[in-house]
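Remarks on the structure that follows.
The values are calculated or read from the model by the stated rules, or taken from the named source; none is laboratory data. Owing to the predicted nature of the structure, the values given are computational and were not obtained by experimental measurement. Here the Cβ positions follow ideal geometry from the backbone for every residue, glycine too, while neighbour counts run over all protein chains shown.
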Amino acid sequence: MPRARFGASSWLDRFVLPKMLRKPVRTLGRLTRGDFAAPPFAAAAINAVFLASSLTYGAYLGGHLDGFVQDVTARTGFAVDQIKVVGNRETSEIDILDKLDLNGWTSLVGFSAEGARERIALLPWIQSVAVRKIYPHLLEVRIDERQAFAIWQRGSELSVIEKDGRIIAPYTGGNQSKLPLLVGQGAPEHAPALMAKVAGFPELASKVRGYIRVGDRRWDIKLDNGVVIKLPEFDVEQAMAELVRLDREKGLLSRDIASIDMRLSDRLTVQLTQEAATAREAALKEQAKMAKRKAGQQI
């Protein structure tokens, strides 16, 4: 009667549960009436859940949760078993793999891509690096390396440097041997400007092996055949233009000479190699003897 007075009975008669709630409500009703019988595996499932929860909680309290997650996920199909490295030319793949810090059961789920990126970024040639997890078991490492500009020699120490003069790594040979050689204090700072000027004379640029900074004021250029060109402190481009002209007309740079001194604007001095100087001296002596004989015959 009270429910009818407030209209509750008619409201309940019209109420219909959403479809997704009907089965849980029916199961709950059966449990309250004692009509529901648990399946035979229910106790085992509950025990398993309880055991897993206990192990997880214990690992959390002991600070071993990360390792626990790694072991479980690795053994359920997420172990890292493929690594793809892209973009490395000077950086060894072995060094990259070492920085990834993997073992035979490293899980992709618990692996820290950011931590690996930070470790790889410490390698000498690395400009930037990205580490990406591709499920279920692939790690991709993309490398952008620093650009080598030249080899810088300071005493007996050789280093590969960038265009701004920053040292990348010690010189190790291989493809690095094709880089131009810079020698002397202050060479890295001033070399880009000189090399840009030399590039304007392709015939000369193709022969250059090294650039030697002298007194942090001027340059000597060493060619691949060993000839040293002593450039003036000023009017460098004018001197190089004259040098190229003499080489075209007289093959100057192909001769048996040790150096060409262009430091004075009104003259060019050529120094012969030791062998050429010895041969020239012998030839002059022979000419003198022949001249003396000829003079005696005339008398």
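Every listed requirement among (1) in contact with an Asp or Glu (Cβ under 8 Å, 6 or more places away or on another chain); (2) of a type outside the set (Gly, Ala, Ser); (3) in contact (Cβ under 8 Å) with a residue 24 or more places away in the chain is met by GLU189 save one, (1). Does at least one position in segment 109-119 carry a residue that is under 30 Å from VAL208 (Cα atoms), exposed (fewer than 14 other Cβ atoms within 10 Å of the Cβ) and at pLDDT 95 or above? No, every residue in segment 109-119 fails to be under 30 Å from VAL208 (Cα atoms), exposed (fewer than 14 other Cβ atoms within 10 Å of the Cβ) and at pLDDT 95 or above. Can you find, within segment 135-157, the residue that is farthest from the chain's Cα centre (by Cα) among those that are surrounded by 17 or more Cβ atoms within 10 Å (Cβ to Cβ) and in a strand (DSSP E or B)? Per the stated criteria, the residue is GLN153. In segment 174-186, what residues are in a helix (DSSP H, G or I) and modelled with pLDDT of 95 or more? Scanning segment 174-186 gives no hits. Looking only at residues in segment 194-237 that are in contact (Cβ under 8 Å) with a residue 40 or more places away in the chain and among the β-branched types (Val, Ile, Thr), the one that is farthest from LEU264 (Cα to Cα) is VAL198.
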